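**Q** My questions will all concern the structure given below.
The values are calculated or read from the model by the stated rules, or taken from the named source; none is laboratory data. Keep in mind the model is a prediction, meaning the values are calculated, not measured. When we count neighbours, we look across all protein chains shown, and the Cβ atoms used for this are built from the backbone with ideal geometry, even at glycine. We work out accessible area using only protein heavy atoms, side chains counted, and drop any ligands, DNA or RNA first. Shrake-Rupley method; radii C 1.70, N 1.55, O 1.52, S 1.80 Å.
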Amino acid sequence: MAEVWDPSKLDAKIEENPTLWSSLDEEWRELVARAVLSDKGMRKLNRISGRLKRGAVGQFQNATATAASLDQTILGCYSLLKYWCAERKPNEQQFYLNNQISTALSAVCPGNEITRRLAERLDAQWKERNMRSKVVVIAHRGDGATFEKVRKVYERQVFDSLFTYTHEHENSEGAVIKALEAWRKKKLSGVECDVWFSQDAVPIVTHTQHIEALFNQENNRGLVPPLTGAKVKDVPSGNLPPRFLTLDRWLQIIEAYLQEHSMDLDGNRQVRLEIEMKDTNLAFGPNTAQNEKEQVLARWRSVERIVSRFLKSCNRPSIYQIALFNGSAAPKGAYDKSSNEHKTLLSSVVYGGSPDSPGTSELQEVRYGLHSSGLLELMYSGQFAGKILTLAPGVEAVPLDQPVQLDTLGEWIENKQSLTVEQAIQCARLRKILWMFDEMTAGRLPRERKPLRIQVLTDFCEIGAKFIVKNKATPIGPRGLFDQAFDEQILRCVWRKYNLEGAPQETKRQVCQVLNSCGNDQNKLIEFGMEFLRSTGDWYQA
């Protein structure tokens with residue numbers, strides 16, 4: 001008959017090898033003994049070690065060394081917990097290894113108390129490593145994202161001239177290299193990209209699916225794009241134009257860059273790589289059938305395999321922190337699958353979603369576009385507490401005379417003046433959120449509601465990062481190029497978006513007067529944005 005462990009005998013078992021257990025800190029002694037000695041084999045090793053130390057096997061010449069070796073075996077998990085995970089804020093290589101050890105132990109001893117405590121310490125280390133008092137800036141699509149959003153409100157050359165800044169094509173090789181240059185100079189913390197799948201299910205780095213529209217928005221109107229009118233999802237990966245990178249190629253470009261500049265790199269810096277899964281963004285709702293969910297998760301798994309192969313092949317995997325995310329419940333499903341299978345890629349990968357999506361509360365990251373209403377109230381209420389909050393620019397524009405639509409949500413802006421108003425409102429949201437973060441850090445607002453850190457995606461690479469850190473806002477284009485002043489008629493799309501169509505004409509006229517008094521002063525425009533948010537009720541209740 002199999003022996004059944006009786007926990008009431010724990011003290012007696014400890015007394016069989018007292019020098020071993022007295023060597024442990026008191027807070028750990030009973031916890032470790034209870035976890036280790038519940039195993040029959042470990043109890044035998046414990047008993048033998050004690051007998052060797054007492055000289056009960058006197059003829060055994062190597063008794064002392066053997067007892068020490070047995071003790072090391074008995075306390076192997078505890079030693080990992082004490083020595084590997086003792087640092088509050090380990091360097092990137094230590095933390096990477098700690099995560100791998102935890103993943104392996106979770107697979108072998110999933111219900112072990114020591115394993116659970118190890119996971120708790122790693123979670124505390126993760127929070128300590130990711131805690132930031134200053135805003136963290138990530139390059140949105142590498143570079144060039146804004147032009148797609150403001151298409152036909154500004155031409156490409158005019159838009160770049162607003163900031164004396166020439167954009168690379170978004171999600172291109174040039175865009176990712178430009179972002180890495182800024183990261184190497186410590187101006188940025190990482191780079192983001194978007195992924196759609198080709199017809200043969202290869203992840204392709206692009207935000208815009210429509211191939212002809214992409215060529216047009218990049219000012220290649222003199223060129224006839226191959227596969228005119230086609231979308232990425234309808235074309236085999238081998239037939240796509242070279243301008244489109246596969247995700248595997250995108251990652252290899254990054255690794256090659258880091259290899260080339262390895263001598264210049266700070267030994268404890270990480271580069272953050274963010275991958276937004278675009279085509280599974282809206283396909284994982286509460287009413288989605290199980291077979292459809294499995295199809296969505298299969299696409300996530302294909303990206304995970306690419307990321308896992310990349311981490312195994314690169315020179316310094318611990319330098320990368322990779323985030324997989326979108327605004328649906330799919331990230332939670334993907335995270336659960338990886339956790340249940342104890343995937344090693346969890347050592348370097350985090351999953352992010354939206355608090356609006358069901359079941360995402362356990363994820364470490366949340367993401368919002370700055371065009372989203374209600375952000376200030378969510379921030380103040382503690383909805384983002386203890387998480388990494390990422391804020392993305394969210395200005396969209398109508399392609400007034402462009403026949404090819406880009407299938408982008410939220411296209412409502414009709415002119416430059418409306419674009420400036422929306423930029424001012426989004427800057428006001430960002431500045432107020434960053435103010436609340438600082439107030440929570442200082443304890444002047446409830447500290448327990450504070451996010452771990454705030455990240456902002458920039459469409460202007462290095463100069464955007466500098467502007468955000470210095471001004472706590474994203475750039476607003478100068479008004480010098482406007483062909484007319486603000487008036488009630490020209491802002492009709494703003495009234496529609498913010499439910500002000502029925503507002504008195506005098507109210508609209510006063511809004512325009514305030515805007516016209518701001519001139520090219522960005523701070524005045526942001527103050528206007530704050531007052532506008534207050535007046536529409538998109539604020540927070542202190």
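**Q** Nearest 20 debye, what's the magnitude of the dipole of the chain about its Cα centre given +1 on Lys and Arg Cβ and -1 on Asp and Glu Cβ? Please list the in-between numbers first.
**A** Values: 71 positive and 68 negative charges, 305 e Å.
Once rounded to the nearest 20, the dipole reads 1460 debye.
**Q** In this model, which of LYS450/LYS497; LYS134/LYS185; LYS416/LYS524; LYS231/LYS312 are farther than 22 Å apart at the alpha-carbon?
**A** On the way: LYS450/LYS497 30 Å; LYS134/LYS185 17 Å; LYS416/LYS524 18 Å; LYS231/LYS312 33 Å.
Among LYS450/LYS497; LYS134/LYS185; LYS416/LYS524; LYS231/LYS312, the Cα-Cα distance tops 22 Å for LYS450/LYS497; LYS231/LYS312.
**Q** Ok, one more. Measure nothing but the geometry: give the 0 to 90° angle between the long axis through the Cα atoms of 173-184 and the longest principal axis through the Cα atoms of the chain, rounded to 10°.
**A** That helix lies at roughly 60 degrees to the long axis.
**Q** Here is a further query. Taking the Cα centre of the stretch 324-387 as origin and charging only Cβ (+1 Lys, Arg; -1 Asp, Glu), how large is the dipole, in debye to the nearest 20?
**A** Details: 5 positive and 6 negative charges, 28 e Å.
Once rounded to the nearest 20, the dipole reads 140 debye.
**Q** At 0.36 nm per residue, and after removing the present C-alpha to C-alpha distance, how many nm does the segment from ALA256 to THR166 gain when stretched out fully? List each step's numbers first, then the result.
**A** Details: separation 90, 0.36 × 90 = 32.40 nm, distance 2.44 nm.
Separation in residues times 0.36 nm, less the Cα-Cα distance, equals 30.0 nm.
**Q** I'd like to compare 233-241, 450-458, 342-350: which one has the highest average count of other Cβ atoms within 10 Å, and what's the full order after that? Working shown, then result.
**A** Values: 233-241: 13.9, 450-458: 23.7, 342-350: 20.1.
The packing order, highest mean first, is 450-458, 342-350, 233-241.
**Q** Set the Förster distance to 22 Å, then compute FRET efficiency between LYS470 and MET131 from the Cβ-Cβ distance, nearest 0.05. Intermediate results must be reported in sequence, preceding the final value.
**A** Details: r = 22 Å, r/R0 = 0.98.
About 0.55, to the nearest 0.05.
**Q** Any idea how far the Cα center of the stretch 91-150 sits from the one of the stretch 501-542, in Å?
**A** Here the two parts' Cα centres lie 40 Å apart.
**Q** With r as the distance between the Cβ atoms of ALA385 and GLN199 and R0 = 35 Å, compute the FRET efficiency 1/(1 + (r/R0)^6) and round to 0.05.
**A** On the way: r = 43 Å, r/R0 = 1.22.
Result of the calculation: an efficiency of 0.25.
**Q** Still on this structure, I have one more. To the nearest 20 debye, what is the magnitude of the charge dipole of the stretch 240-378 about its Cα centre, counting +1 on the Cβ of each Lys and Arg and -1 on the Cβ of each Asp and Glu?
**A** On the way: 16 positive and 17 negative charges, 80 e Å.
So the dipole magnitude of the stretch 240-378 works out to roughly 380 debye.
**Q** Can you find, among THR64, TRP300, SER22, the residue farthest towards the positive end of the dipole of the chain? Put +1 on the C-beta of Lys and Arg, -1 on that of Asp and Glu.
**A** So the residue furthest toward the plus end is THR64.
**Q** Compute the angle between helix 290-313 and the longest alpha-carbon principal axis of the chain, please, reported from 0 to 90 degrees and rounded to the nearest 10.
**A** 70 degrees
**Q** In the stretch 146-272, what percentage of the DSSP-assigned beta bridges are antiparallel, given to the nearest 5? Please list the in-between numbers first.
**A** Values: 6 of 8 bridges.
DSSP beta bridges in the stretch 146-272 are roughly 75 percent antiparallel.
**Q** So how much slack lies between TRP5 and ASN523, counting 0.36 nm per residue of separation and subtracting their Cα-Cα distance, in nm? Don't jump to the answer; show the numbers that get you there.
**A** On the way: separation 518, 0.36 × 518 = 186.48 nm, distance 6.99 nm.
Additional length available on full extension: 179.5 nm.
**Q** Picking from LEU258, ILE319, THR288, whose Cα lies most toward the positive end of the charge dipole for the stretch 254-321 (charges on Cβ: Lys, Arg +1; Asp, Glu -1)?
**A** With unit charges placed on the Cβ atoms, the residue in question is THR288.
**Q** When you count, for each residue, the other Cβ atoms within 10 Å and take the mean per peptide, how do 166-174, 62-70 rank with the highest first? Spell out each step's value before the answer.
**A** Numbers: 166-174: 20.4, 62-70: 15.4.
Result, highest mean Cβ count within 10 Å first: 166-174, 62-70.
**Q** Ok, one more. Evaluate the distance, in nm, between pseudo-label points positioned 7 Å from the Cα of TRP435 and of ARG309 along their respective Cα→Cβ axes.
**A** 5.0 nm
**Q** Another question, if that's okay. What does the charge count around LEU445 come to, taking other residues whose C-beta lies under 14 Å from its C-beta (Lys +1, Arg +1, Asp -1, Glu -1)? Write out the running numbers ahead of the final one.
**A** Working: positive: LYS432, ARG444, ARG447, ARG449, LYS450; negative: GLU377, ASP438, GLU439, GLU448.
So the surrounding residues net to +1.
**Q** If you take every DSSP beta bridge fully contained in the chain, what fraction is antiparallel? Give it as a percent rounded to 5. Please report the intermediate quantities before stating the final value.
**A** Values: 6 of 41 bridges.
Within the chain, antiparallel bridges account for around 15 percent of the total.
**Q** Scan [x] 3, 16, 24, 23, 15, 9, 5, 3, 1, 0, 0; [y] 3, 15, 24, 26, 17, 9, 5, 1, 0, 0; [z] 4, 18, 28, 27, 15, 6, 2, 1, 0, 0 for the value of P(r) over Cα pairs in 10 Å bins from 0, in percent calculated from this model and give just the label.
**A** [x]
**Q** Right, another one. Using a 1.4 Å probe, what is the accessible area per residue for the chain, in Å²?
**A** 45 Å²
**Q** Then there is this: Which residue, ILE526, ASN340, GLY353, has the largest displacement toward the positive end of the dipole of the chain when charges sit on each Cβ (Lys, Arg +1; Asp, Glu -1)?
**A** The listed residue farthest towards the positive side: ASN340.
**Q** Can you give the net charge of the other residues whose Cβ lies under 10 Å from the Cβ of VAL136, counting K and R as +1 and D and E as -1? Working shown, then result.
**A** Working: positive: ARG132, LYS134, ARG272, ARG453; negative: none.
Here the charged neighbours net out to +4.
**Q** Related question: Spin-label point model (7 Å from Cα, Cβ direction): what's the ARG447 to ASN340 distance in nm?
**A** Label at ARG447, label at ASN340, 3.9 nm between them.
**Q** Can you give the accessible area of LYS127, probe radius 1.4 Å, in Å² rounded to 10?
**A** Its heavy atoms expose roughly 80 Å² to the probe.
**Q** Angle check, please: helix 247-260 long axis (alpha carbons) against the longest principal axis of the chain (alpha carbons), in degrees 0 to 90, nearest 10.
**A** 70 degrees
**Q** Would you tell me the accessible area of ARG116, worked out with a 1.4 angstrom probe on the heavy atoms of the protein chains, in Å² to the nearest 10?
**A** 110 Å²
**Q** Spin-label point model (7 Å from Cα, Cβ direction): what's the ASN91 to LYS40 distance in nm?
**A** Computed distance between label sites ASN91 and LYS40 equals 4.6 nm.
**Q** Let me ask another. Determine the sum of side-chain charges near ALA323: Lys and Arg each +1, Asp and Glu each -1, restricted to other residues whose C-beta is under 10 angstrom from that of ALA323.
**A** Details: positive: ARG272, ARG367; negative: GLU192, GLU274, GLU276, GLU365.
Here the count lands on -2.
**Q** Here's a follow-up. What's the center-to-center distance, using Cα atoms, between the stretch 163-241 and the stretch 255-323 in Å?
**A** Between the Cα centre of the stretch 163-241 and that of the stretch 255-323, the gap is 17 Å.
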